[in-house]
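Below you'll find the structure, written out as structure tokens, and then a few comments.
The values are calculated or read from the model by the stated rules, or taken from the named source; none is laboratory data. None of the values given here were measured: they were computed from a predicted structure. Cβ placement follows ideal geometry from the backbone for every residue including glycine, while neighbour counts extend to all protein chains displayed.
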């Protein structure tokens, strides 16, 4: 496999293209978030959720007609896992009888079974949303401090901007495709922060090392070199993570479907951003060798020097 | 150069792995479906006579239990199948009656030697096991108002006793406003009240002849904490009554309480019990000469069978109890300090003044419901009927006229005193509590979830293993051994720490496994690079490869760890479960990906000179 090691792709030459691509995607994301927002799941909006199991696969439009005829408004009927399971979401408040009411409306006890009926309070959603948002802000801040401390403030800025880029694109993805944004997706979003950061730090770590040890070439050449050197690792890690995530998506069941989907998109965006955005941002921030110069005594530096 | 770990390092790594395996082991022993029988009150013993009844009832029902055992006054009956368990529960409840609580349970089959080192299987969250989840909110506004009203009535009593004339004492906007009869009474009133009400801040509005008492943020928090604690206590008592195994009653945030009842499917019944109300009544003990019509007989709560006769006439009720706590008298004997509000104090002093020397009983009243099976048109129908249970929790001699603060002494030990105080508080008027959220998760859905979760982990792991073997060959084997060790250690940690595994938690495990490979990929890529780009000898390449990758792995993992910790501290429920497994997984993966693989590499390659490294 050694031939794969000699990769030398001029990533930085395509950086304008990448910038344009990111700008377009960001604009689309922000635009969609501003105009239609997120399709918040019941965790956030509040309401009642009823899961039913049919002996024989039901006809969804017919179920909708039945519910409409009974006077329900603003409801969603969808298959849940298998064709025999359906999920009915009602925007009305919860009472212990709702589940049984819906079940008896849709069929007798032998053909339709009530799996669960639960109430999700909107206020709870709000509290969790605030906490999630707060968590994200505090995480970003802590990470910035740590990176600024271990690297330099330009790296901190670059990594956090790259993170913001990833989070915005992921939110945009869920907004544009109108996929339910529920708590599991929020958890995934937070995990993406961790993952994408991990990726960016590995690249930055290499950039830091090369800035200190490789003597020739300007910042652009060194960043390019670093990205190439870490490319195999970036690809393999993303690949193994994606393998696991795809098995979650396909076999993990309906309840973690959106979670897996969010992480897959997040890993793809995170990989892209750690290659393009994180490095290009450093260039835009005019990173230089002096930024990373080690305050060391003479001679000690030679330890890392190449022959 | 050669790569060798000193002996102690190898031994330490192997020791950690061995300990990990031991603590992960209990998860391999499947739990038995079981039924747990306890007395509905602490005083009711479960012994061999109950065991005989249970065995006879099961035999009559045609069920053969796997085992019947007694442990600390509970009886545990294990079964071979889950459907037997449910059938047996109904059978046994009918056979034993209301004095015993029969609850469904999952009994671990962990061998004794594992239990003796504290190893246990991992707790499964509600989403994996099924059960009900309630989120309740304590009405803080009402709690605060209650407290202020109690203070207001205390102020009225004090001012009247001290003959400091006032026009009105009112509660407004979280303040107690005292309107005095004249301006020059403000100072004496304030200095008198301040000694009793040190938690309040006093301000005067001389023009309006007003004395304003307000609680500062700290004191407000204290009132709120008290209200939540009181409700927690009450809820715990009631949950215990449901006889649920491993219930969770936990404060969540400032004003919320989470109640999780694994294995309970009937939300309505659980809600009835949780929302049930308890109360107290203070009554004088009946005189011997009393008219039998004015007398009622009650059992003692902790001594069934023993009774006492109390008057029908009620002095006051729990609605007037402001607080009850454990204290100690001059001789360091435990006592229960009771504080009544103004109205309660007045009633108490009126009733006790002419009755010093007689005894006063405290009745604990619970409103409950029970299920009865009745025959109706030849069919067996379950009927729920509400009933009230009254029992004496204290009967003590009145030593002197009692006011709004008095104490019950002569209590055996501190434990009994705190139990009495707890019952008093449970029966006192607690701040109202509301159901904010309720979820029922079916056990079948739970099973399906856990099956799917495990299946997806297995498939994901298999794919990663295959890929690593194909890509890195020998070093791939090292990485896979490390990955398996990582999973074992993670499971061991989760089990030993008593963390609860939920669906997002499983997702967190899967994610860490995917990311754990990253460390090995980093190391291997570095070793490859040293060999092919820098022409370094294999042994030196291994050494520098690990060294250089370590710095990167550390930086990357610390940043992710930071995120996980913050998620844990601000998140609730699912977010928290995810953060726990993610952060523990990061820790174990650092160890396995670096130390465990290095040990293997050293064993295989470290002791000899090699020309080529198959990496």
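Inspection of region A:182-190 finds a residue satisfying the criterion of being within 22 Å of the chain's Cα centre (by Cα), modelled with pLDDT under 90 and assigned to a loop (DSSP other than H, G, I, E, B). Selection within region A:139-156: residues that are surrounded by fewer than 17 Cβ atoms within 10 Å (Cβ to Cβ) and under 20 Å from the mean Cα position of the chain (by Cα). The member of this set that is farthest from the other protein chains (Cβ to nearest Cβ) is A:141. Given the condition more than 14 Å from chain A (Cβ to nearest Cβ), touching a strand residue (DSSP E or B) at 6+ places or on another chain (Cβ under 7 Å), farther than 30 Å from residue B:165 by Cα and at pLDDT 80 or above, answer yes or no: does some residue in region B:211-225 qualify? Checking region B:211-225: not a single residue is more than 14 Å from chain A (Cβ to nearest Cβ), touching a strand residue (DSSP E or B) at 6+ places or on another chain (Cβ under 7 Å), farther than 30 Å from residue B:165 by Cα and at pLDDT 80 or above.
It is to be established whether one or more residues within region B:560-574 are in contact with a helix residue (DSSP H, G or I) (Cβ under 9 Å, 6 or more places away or on another chain), within 9 Å of chain A (Cβ to nearest Cβ) and at positive phi. Yes, the conditions are met somewhere in region B:560-574.
The residues on offer are B:615, B:553, and the sole one that is part of a loop (DSSP other than H, G, I, E, B), within 14 Å of chain A (Cβ to nearest Cβ) and crowded, with 17+ Cβ neighbours inside 10 Å is B:615. Note on region A:68-123: among residues that are modelled with pLDDT under 70 and in a helix (DSSP H, G or I), the one that is surrounded by the fewest Cβ atoms within 10 Å (Cβ to Cβ) is A:123. From the list B:63, B:17, the lone residue that is surrounded by 13 or more Cβ atoms within 10 Å (Cβ to Cβ) and part of a helix (DSSP H, G or I) is B:17. Here residue B:506 clears all of (1) over 15 Å from residue B:594 (Cα atoms); (2) within 36 Å of the chain's Cα centre (by Cα); (3) without any contact (Cβ under 8 Å) to a residue 40 or more places away in the chain except the condition numbered (3). Only residues that are part of a helix (DSSP H, G or I) and in contact (Cβ under 8 Å) with a residue 24 or more places away in the chain were counted in region B:188-206, giving 5. The residues in region A:210-241 that are without any contact (Cβ under 8 Å) to a residue 40 or more places away in the chain and within 11 Å of chain B (Cβ to nearest Cβ) can be counted, and the count is 9. Looking across region B:492-506, the residues that are buried (at least 24 other Cβ atoms within 10 Å of the Cβ) and at pLDDT 85 or above come down to B:492, B:494.
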